[in-house]
Amino acid sequence: MSNAKSKEREKIIKAALQRYSEGMSTEEEREILIESMKRYREEAKKRGRGIPYNALILRYFVDNPQTFSQVAARLLCTRRTVFKYLVSGYYFLAPHIFGIDGIYLVAPDDKPEEHDKQRRNYANTKQLLENYRTLRSYIQGNNIDVGPETRNHLEILEGSDGFTLSDDKLSFEMIKQHQQRTKIILDYIDNAVLEYRSSCERAGTEDAQRRYRIFMAYFLDKEALPIDQIMEREHVKQRTVYRDIKKAIGKLACRIYTPRQHDQEKRGGEEDGVLSNCRI
């Protein structure tokens with residue numbers, strides 16, 4: 001393989017791994033990476049390439065991805081050596097991704113607007129959930145009439161006064177500027193949460209149901225539970241709590257920013273077969 005081709009593949013793999021660690025992979029891309037890493041792990045065992053594999057795991061695949069310094073400490077090496085291990089890892093992983101199946105990940109410069117949009121939607125959903133209790137308190141006790149004509153999805157995302165839930169940075173001052181708007185947005189989030197709960201119930205797995213409980217305790221229940229109490233209640237480690245929170249945010253982002261008329265499976269369900277336009 002030419003050096004230019006090798007560099008191109010390294011760039012693509014590195015960007016895909018970064019999306020995975022940030023929870024921004026599509027379902028398809030996520031499955032490709034996981035299966036490719038499984039094949040690479042078997043090869044690493046046979047050929048003694050465990051250290052580059054471990055560097056990739058620590059940097060991109062653990063529940064709380066490690067910094068370069070943390071990876072260096074775990075592998076008992078310098079930061080400079082960590083970079084070398086990661087480059088080797090990209091190289092050894094490449095054949096398992098670009099193999100006979102013809103799998104090709106999205107290049108980092110291909111459709112950057114789509115990646116930016118997904119990243120923004122995730123960040124905005126996280127902000128909305130973090131401010132949910134404050135916004136709910138803001139309208140508590142007020143009898144706010146929300147007519148059916150104002151519940152339209154497009155009116156929420158593209159307000160006539162310039163407000164939009166798709167802004168690069170959400171303006172909570174504009175959200176609170178009109179109590180009716182606040183109520184509409186909260187109702188919209190509530191509906192998305194109800195759909196998410198239903199998908200967790202349909203999934204029928206303990207992981208899905210635990211993820212929903214953790215999500216509610218952290219963001220939406222009347223009394224917020226700190227992380228240590230969630231860990232104690234659910235009998236899980238801190239990294240599991242953070243992983244579940246991150247994944248639940250991705251599920252809600254799909255529901256909030258995907259038009260209502262789309263099929264349920266396109267809106268971040270917990271069931272198997274989630275389509276690739278929903279980021280995990």
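No lab work stands behind these numbers, since they all come straight from the coordinates. In this text the structure is predicted, and so the values were computed from the model without any measurement. No Cβ is skipped: glycine too gets one built from the backbone with ideal geometry, and neighbour counts run over all protein chains shown.
Here the 3J(HN,Hα) profile of the stretch 13-27, calculated from phi with Karplus coefficients 6.51, -1.76 and 1.60 at θ = phi - 60°, is 5, 4, 5, 5, 5, 5, 4, 4, 5, 8, x, 10, 6, 6, 4 Hz, Gly and Pro shown as x. For the pair residue 116 and residue 77, the difference between a 0.36 nm per residue extended length and the Cα-Cα distance amounts to 10.6 nm.
For the stretch 162-262, the set of GluC sites (Glu not before Pro) satisfying both a DSSP loop assignment and a count of at most 16 other C-beta atoms within 10 Å is given as 223.
Which entries in the list 222/246; 45/126; 11/46; 5/126; 169/251 go over 30 Å, if you measure between the two C-alpha atoms of each? Among 222/246; 45/126; 11/46; 5/126; 169/251, the Cα-Cα distance tops 30 Å for 45/126; 5/126. Database remark: amide H of residue 131 closer than 5 angstrom to no amide H (H placed geometrically; neighbours at sequence offset of 5 or more, or on other chains; Pro and chain starts carry no H).
Between residue 69 and residue 233, the modelled label-to-label distance comes to 3.4 nm, taking each label 7 Å out from Cα in the direction of the beta carbon. Could you tell me the relative contact order of the stretch 3-97? Use alpha-carbon pairs under 8 Å, at least six residues apart, and round to a whole percent. Relative contact order here is 35 percent. Taking θ as phi - 60° and the Karplus parameters 6.51, -1.76 and 1.60, the scalar couplings of the stretch 238-245 work out to 4, 4, 5, 4, 5, 5, 5, 4 Hz in sequence order, x denoting glycine and proline.
If I take R0 = 25 Å and measure r between the Cβ atoms of residue 223 and residue 138 in this structure, what FRET efficiency does the formula 1/(1 + (r/R0)^6) give, to the nearest 0.05? The value I calculate is 0.90.
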